[in-house]
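Engineer: Just dropping this structure here.
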Amino acid sequence: MIVIFGFRARLKTIATGTFFCPRCGADRGYLLQQARRWFTLFFIPIFPVSKPIGDQVQCTTCHTNFRPEVLDAPTSEEFSENLRGAMRVASIAMLKASDPHHAAARHAAIAAARETGLEHYEDAWLANDLEAIGTSTLDNYVRSLATGLNDQGKETFVAKVARVGMADGPLTPPETELLDSIGAALGLSAAHVRGILVTTAESPAPGETAN
Ligand SMILES: [Zn+2]
C-alpha cells in the first residue's frame, strides 16, 4: 500500500464582522482567517505542523482575500458618521467665528447638517450644539475625512462650511482663517481653498434659483 502524505495550508476563521470591501466598493461581511500548515495523510489534514503563518480577510460576498490592514479603514457607515460629526463641528465653529445669532447663517448650518443625512436637525438642536460642542476637536474630525473624501468631496465640504460664513455677508478674516485650517486638515493647498471660496461666493446656495 502506498501511503500518501504531505502538507497543506489550512484556513481557520477566527473572527467575523463588517468591513468596507475595496473590491465590492461597499460594506460587506468578512471572515478573518488564520493560515497554518497541516500534515495531511491521503489528502486529509491530520494535525497542524506550524504556528499560524498569517492572517487574511475574506469578503463573504466577492470572496476576495485582503491583508488584515484592510480592517483599519472605516466602513461606509462609520465614514458617514464621521462626516456628519465633522460637518456639525465645522458649522458650529463657523457660526462662532461670525455671528451665532444670525438667522441666515443658522439656516445655512442647519442645511449643511441635513445634507449629511441628519434630516431632523433643526434650530433647537443647533442651539444645543452651540453650547455643547467645543471646536478644539475640529482638526481631528476633519483630518479623519482626508483619506475617505476625493477632491470633489473635499471641495463640497469646504463650500458648505463657507456658505455658513457667507450667509451674513462677505467672509471676515477669522472666517477665512477657519476655512484655511479646514482645507489644510483635508490636505488641500491654500490656493485650492481660495479657488473654492471664489466659486462658492459666485454660485447660488442650493435651493436658491440660479438665474
Ligand atoms: Zn467584496
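The values are calculated or read from the model by the stated rules, or taken from the named source; none is laboratory data. What you see is a predicted model; the values in this text were computed from it and never measured. Neighbour counts are summed over all protein chains in view; Cβ atoms, including those assigned to glycine, are modelled from backbone coordinates with ideal geometry. To get the accessible areas, we keep the full protein, side chains included, count just its heavy atoms, and leave off ligands, DNA and RNA. Shrake-Rupley method; radii C 1.70, N 1.55, O 1.52, S 1.80 Å.
Engineer: Can you tell me, using C-alpha contacts under 8 Å and at least 6 residues apart, the relative contact order of the stretch 1-54 as a whole percent?
Structural biologist: With pairs under 8 Å counted, the relative contact order is 37 percent.
Engineer: Could you name the lysines in cross-link range of LYS160, using Cα to Cα under 19 Å and dropping any fewer than eight places away on the same chain?
Structural biologist: LYS96
Engineer: In addition: Once the Cβ-Cβ distance between PHE7 and CYS62 is put in as r, and R0 is 25 Å, what FRET efficiency do you end up with, to the nearest 0.05?
Structural biologist: 0.30
Engineer: Between SER76 and ALA103, what is the spin-label point distance in nm, taking each point 7 Å from the Cα along the Cα→C-beta axis?
Structural biologist: Simple spin-label model gives 4.0 nm for this pair.
Engineer: Let me ask you something else. Taking Cα atoms, how many degrees apart are the long axis of helix 190-202 and the longest axis of the chain, rounded to 10 and kept between 0 and 90?
Structural biologist: 50 degrees
Engineer: Among PHE5, LEU149, PRO204, which residue has its Cα furthest toward the positive end of the charge dipole of the chain, with +1 on Lys/Arg Cβ and -1 on Asp/Glu Cβ?
Structural biologist: Farthest along the dipole direction, towards plus: PHE5.
Engineer: Considering amide H positions built from the backbone, and no H for Pro or chain starts, which residues 5 or more places from ALA146, or on another chain, come under 5 Å of its amide H?
Structural biologist: none
Engineer: Who wins for biggest fluctuation among ARG84, ARG194, ARG67 in a Gaussian network model of the chain, springs between alpha carbons below 10 Å?
Structural biologist: ARG67
Engineer: Within 10 Å of each candidate Cβ there may be at most 14 other Cβ atoms; applying that plus a DSSP loop requirement, which GluC sites (Glu not before Pro) in the stretch 106-187 survive?
Structural biologist: GLU119, GLU122
Engineer: If one takes the longest principal axis of the Cα atoms in the chain, at what angle in degrees, from 0 to 90 and to the nearest 10, does the Cα axis of helix 103-115 lie?
Structural biologist: Helix 103-115 and the main axis of the chain meet at about 20 degrees.
Engineer: Kindly write out, for the stretch 26-39 in residue order, the coupling ³J(HN,Hα) from the Karplus curve 6.51 cos²θ - 1.76 cosθ + 1.60 (θ = phi - 60°), rounded to whole Hz, with x marking Gly and Pro.
Structural biologist: 7, 6, 9, x, 9, 10, 8, 10, 10, 9, 9, 8, 10, 7
Engineer: Over the Cα atoms of the chain, what is the Rg over Rh ratio if Rh follows Kirkwood?
Structural biologist: Ratio of gyration radius to Kirkwood radius for the chain: 1.23.
Engineer: Same structure again: In degrees, nearest 10, range 0 to 90: what is the angle between the Cα axis of helix 173-186 and the longest Cα principal axis of the chain?
Structural biologist: Result, in degrees: 10.
Engineer: Could you put LEU118, LEU186 in order of accessible surface area, largest first, with the 1.4 Å probe and the full protein assembly present? Walk me through the numbers on the way to the answer.
Structural biologist: Numbers: LEU118 30, LEU186 0 Å².
Ranking LEU118, LEU186 by accessible area, largest first, yields LEU118, LEU186.
Engineer: Using +1 on the beta carbon of Lys and Arg, -1 on that of Asp and Glu, and nothing else charged, what's the dipole of the chain about the Cα centre, debye to 20?
Structural biologist: 1660 debye
Engineer: In the stretch 1-70, if the dipole is taken from +1 on Lys/Arg beta carbons and -1 on Asp/Glu beta carbons about the Cα centre, which of VAL49, ALA35, THR18 is farthest to the positive end?
Structural biologist: VAL49
Engineer: Under a 5 Å amide H to amide H cut-off, with H placed in plane at 1.01 Å, what residues pair with THR60 once short-range neighbours are removed?
Structural biologist: Those lying under 5 Å, H to H, from THR60 are GLY29, TYR30, LEU31.
Engineer: Then there is this: Under 26 Å Cα to Cα from LYS12, which lysines show up? Leave out anything in the same chain fewer than 8 places away.
Structural biologist: Within reach: LYS51.
Engineer: I've got another one for you. Taking the Cα centre of the stretch 13-113 as the origin, how large is its charge dipole in debye, to the nearest 20, when only Lys and Arg (+1) and Asp and Glu (-1) carry charge on their Cβ atoms?
Structural biologist: 180 debye
Engineer: Among the aspartates and glutamates, which fall within straight-line cross-link reach of LYS154, defined as a Cα-Cα distance under 20 Å, with same-chain neighbours fewer than 8 residues apart omitted?
Structural biologist: GLU77, GLU78, GLU81, GLU115, ASP139, GLU175, GLU177, ASP180, GLU202
Engineer: A follow-up question, please. So what's the back-of-envelope 222 nm ellipticity for the chain, counting only DSSP H runs of four-plus at -39500 (n - 2.57) apiece and dividing by all residues, rounded to 500?
Structural biologist: Result for the chain, helices only: -14000 deg cm²/dmol.
Engineer: Of all GluC sites (Glu not before Pro) in the stretch 55-85, which ones are in loop regions per DSSP and have a Cβ with at most 11 other Cβ atoms within 10 Å?
Structural biologist: Qualifying residues, ordered by number: none.
Engineer: What does the extension gain come out to for ASP151 and THR135, with contour length at 0.36 nm per residue minus their alpha carbon separation?
Structural biologist: Result for the pair: 3.4 nm of gain on full extension.
Engineer: May I pose another question? So how much accessible area does ARG28 have, in Å² to the nearest 10, using a 1.4 Å probe?
Structural biologist: Counting only protein heavy atoms, ARG28 exposes about 80 Å² to solvent.
Engineer: Then there is this: Please give the per residue accessible area of the chain, computed with a probe of 1.4 Å over protein heavy atoms only, in Å².
Structural biologist: 57 Å²
Engineer: Over the stretch 30-157, what is the relative contact order in percent, taking alpha-carbon pairs closer than 8 angstrom and at least six residues apart?
Structural biologist: Details: 126 pairs, mean separation 23.7, N = 128.
Normalised by residue count, the contact order of the stretch 30-157 is 18 percent.
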